[in-house]
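The next block holds one structure in the form of structure tokens; read it before the comments.
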Amino acid sequence: MTVRPLEIDGSFLIESKSFGDARGDFYEVYREDVLAEALGYAPKVLQTNVSTSCRNVLRGVHGAATPPGLAKFVTCIRGSMLDFVVDVRIGSPTFGRWDMIVLDGAGATSVYVEEGLGHAFVALTDDTCVQYQLSDLYRPAEVLTVHPLDPEIGLPLKLPGEPILSERDAAAPTLREAGELGLLPTYDTCLKLRAARQQQ
């Protein structure tokens, strides 16, 4: 298993080797020791969620109030998806920018999204199944949602039709509006959280 940083600070691509034979395939999804070496601290996993989505479903941009924040280890178990990490941290040198990765059920790849970052994905196939391992318990009152179709973010969805959004995502503020409402984390706060974990 290898871990390499993505363009957005605090996000990482995790790649595993898949071993296949006549019976099928096997690969490691999560290795705390390998991820901890890349992060400089031991990640926590307190909750695991699974979603299934039909083609063209767009979920996100989601994050959490920081602090406490909510890191995610995202894996596509079945199907195929465009996965996006969006920098929503005020003061970050890459604020408003995104990184895109194709994840699929056969790819043996995952994405780690540190606290303070936004995450979104669009399902490219029906019955796309995604697993999220979370660093803390999910608390609806702390959820941060930014509109995934915000033109200032400009996610390149490349869909054959209109994306399918939840009511909450469709009603979410743009990145600019979320900033004006005081909903976004700051880059400085996120760096301090990381430093505190590295010192533990």
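If you go through the range 158-182 and keep only what is surrounded by 17 or more Cβ atoms within 10 Å (Cβ to Cβ) and either hydrophobic (A, V, I, L, M, F, W, C) or part of a helix (DSSP H, G or I) (or both), you end up with I164, L165, D169, A172, L175, A178. When the range 7-18 is limited to residues that are crowded, with 17+ Cβ neighbours inside 10 Å and part of a loop (DSSP other than H, G, I, E, B), the one that is modelled with the lowest pLDDT turns out to be S16. From the list V45, V3, V57, the one residue that fits, being in contact (Cβ under 8 Å) with a residue 40 or more places away in the chain and either crowded, with 18+ Cβ neighbours inside 10 Å or over 30 Å from P93 (Cβ atoms) (or both), is V57. Among the residues of the range 105-126, the one identified as at pLDDT below 95 and out of contact with any Asp or Glu (no Cβ under 9 Å at 6 or more places or on another chain) is G105. Hey, could you check the range 184-200 for residues that are crowded, with 17+ Cβ neighbours inside 10 Å and of a type outside the set (S, T, Y) and say which is modelled with the lowest pLDDT? Result: R197.
When A38, A22, A42, A106 are screened for being among the small types (G, A, S) and either under 15 Å from the mean Cα position of the chain (by Cα) or closer than 29 Å to P160 by Cα (or both), only A106 passes. Residues in the range 157-174 include at least one that is in contact with an Asp or Glu (Cβ under 7 Å, 6 or more places away or on another chain), more than 20 Å from T52 (Cα to Cα) and of a type outside the set (A, V, I, L, M, F, W, C). Against the condition farther than 30 Å from S16 by Cβ and not in a loop (DSSP other than H, G, I, E, B), how does R194 come out, does it pass? Judged against the criteria, R194 is not a match.
Pairing residues of the range 88-103 that are closer than 24 Å to T128 by Cβ with residues that are buried (at least 19 other Cβ atoms within 10 Å of the Cβ) and of a type in the set (S, T, Y), at Cβ distances under 7 Å and at least 6 apart in sequence or on separate chains, gives D99/S11; L103/T109. Contact annotation: residue pairs with Cβ atoms under 8 Å, 6 or more positions apart or on different chains, pairing a residue in the range 65-83 that is touching a residue at least 60 places away in the same chain (Cβ under 8 Å) and over 17 Å from S11 (Cα atoms) with a partner that is open to solvent by less than 10 Å² (accessible area, probe 1.4 Å) and of a type outside the set (F, W, Y), are A65/P185.
Show me the strands (runs of 3 or more DSSP E) entirely contained within the range 20-139 in which 3 or more residues are within 19 Å of P5 (Cβ to Cβ) and among the hydroxyl-bearing types (S, T, Y).
Passing ranges, in order: 109-113.
For the range 19-31, a residue qualifies if it is in contact (Cβ under 8 Å) with a residue 12 or more places away in the chain and open to solvent by 50 Å² or more (accessible area, probe 1.4 Å), and the qualifying residues are D25, Y27, E28, Y30, R31.
The values are calculated or read from the model by the stated rules, or taken from the named source; none is laboratory data. Please read these numbers as outputs of a predicted model, since none were measured by experiment. Note that each Cβ is placed from the backbone with ideal geometry, even for glycine, and that neighbours are counted across all protein chains shown. Ligands, DNA and RNA are excluded from the accessible area calculation, which covers all protein heavy atoms including side chains. Shrake-Rupley method; radii C 1.70, N 1.55, O 1.52, S 1.80 Å.
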